[in-house]
Amino acid sequence: MVKKKETKQKEETFIMTPLVDNEITDKNYYDDHMYITNSTLKMFINKCPRGFQHILNNPPKPSAAMKFGTAFHMLVLEGRDVFDSNYAVEPDGIDKRTTLGKNMLLQFNESLKGREAISHKDYKLMEDMYTNLRSSKHYSLILDCKDFEKIYLWKNEVLDILCKGKLDAVS
């Protein structure tokens, strides 16, 4: 794909070559540092080279709010089946202070099989948020999309940089 940008001073040409890399998946997208992303560029601009390298080698752990957002994002954009294959909702009303509650939680945790636990309270909030979203006049924009969480890879030939981006939705 060739994109030309004309300016009064000179004409610049940006050449991007699409790439296919089956090693970059949804699971390892954020762990990969061979390709540069918009977020990586922001980190590079805001930090000194040593600070940037430290962040790449020691990524911050996601906060509770980030985990909630990731789960809600998956529920909305990828659907209940994908959500259920990645998350499990804790049973409601477990008293984690009692022996019975601790046993129930232990059984629940043994049933996770690689999925992440979501509290019942957080899941109810996600359901309410999703209900409100579906009643929005703009919700049809999501319904019109055919592909979600689409990863694109390309090489910027001018700068000789491998790049990647992850689009929420593609129509």
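The values are calculated or read from the model by the stated rules, or taken from the named source; none is laboratory data. These numbers were taken from a predicted model, which means no experiment stands behind them. No Cβ is skipped: glycine too gets one built from the backbone with ideal geometry, and neighbour counts run over all protein chains shown. Ligands, DNA and RNA are stripped out before the accessible areas are found, and what is left, the full protein with its side chains, is counted by its heavy atoms. Shrake-Rupley method; radii C 1.70, N 1.55, O 1.52, S 1.80 Å.
Summed over the stretch 115-150, residues that are assigned to a helix (DSSP H, G or I), within 21 Å of TYR87 (Cα to Cα) and not basic (Lys, Arg) total 11. Checking each residue of the stretch 10-19 against the condition of being polar (S, T, N, Q) and at pLDDT 85 or above gives no match. For the stretch 98-112, the criterion of a residue being within 26 Å of the chain's Cα centre (by Cα) and more than 25 Å from PRO62 (Cβ to Cβ) is satisfied by no position. Within the stretch 54-83, being outside any loop (DSSP other than H, G, I, E, B), more than 16 Å from PHE148 (Cβ to Cβ) and of a type outside the set (Lys, Arg) holds for HIS54, ILE55, LEU56, ASN57, ALA64, ALA65, MET66, PHE68. A search for C-beta distances below 6 Å between a residue of the stretch 47-71 that is surrounded by 14 or more Cβ atoms within 10 Å (Cβ to Cβ) and any residue that is of a type in the set (A, V, I, L, M, F, W, C) and assigned to a helix (DSSP H, G or I), counting only pairs 6+ apart in sequence or on different chains, returns PHE52/MET43; PHE52/PHE44; ILE55/MET43.
Scoring LEU112 on the criteria (1) in contact with a strand residue (DSSP E or B) (Cβ under 6 Å, 6 or more places away or on another chain); (2) assigned to a helix (DSSP H, G or I) leaves a single failure, condition (2). For the stretch 110-162, a residue qualifies if it is open to solvent by less than 60 Å² (accessible area, probe 1.4 Å), in contact (Cβ under 8 Å) with a residue 40 or more places away in the chain and touching a Gly at 6+ places or on another chain (Cβ under 9 Å), and the qualifying residues are PHE148, ILE151, LEU153.
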